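Worksheet for the structure shown next.
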Amino acid sequence: MVNYGAIKQIAEITDMPDCKSDIVLAHYEYGQPVVYRCPKAYVLNALTSNPFVPWPDYIEGTSVQLGQAMDQFSEQAKAVR
């Protein structure tokens with residue numbers, strides 16, 4: 001899960017125009033476009049660590065800009081010990 005609402009306040013992301021959610025499910029690999037699902041609703045429960053997004057209540061796509069923003073955050077992050 002990615003806090004898309006916070007990221008789009010810091011980075012300009014224009015390649016996800018139909019995504020209105022502040023939380024997205026994302027498959028992130030450094031240096032690659034992010035494959036995302038922008039849900040209208042999602043479910044969290046105690047039986048799994050994975051969120052569940054009911055079909056067809058999401059928009060699926062890829063975002064180069066979200067991937068670049070997440071790469072920047074990853075590069076600027078400091079290890080906490």
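Only the coordinates and a few stated rules stand behind these numbers; no lab work does. None of these values were measured; they are calculated from a predicted model.
Structure data summary
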quantity: Helix axis angle, 64-76 relative to the chain longest principal axis, alpha carbon, degrees; calculated: 50
quantity: Amide proton proximity set for TYR58, modelled H, under 5 Å, gap of 5+; calculated: LYS40
quantity: Set of lysines near LYS8 by C-alpha distance (under 20 Å), chain-local residues within fewer than 8 positions excluded; calculated: LYS20, LYS40
quantity: Spherically averaged projected area in nm², based on the convex hull that wraps the Cα atoms of segment 2-76; calculated: 5.2
quantity: Segment 42-81: equivalent-ellipsoid semi-axes (sqrt of 5 x gyration tensor eigenvalues, Cα, Å); calculated: 27, 19, 5
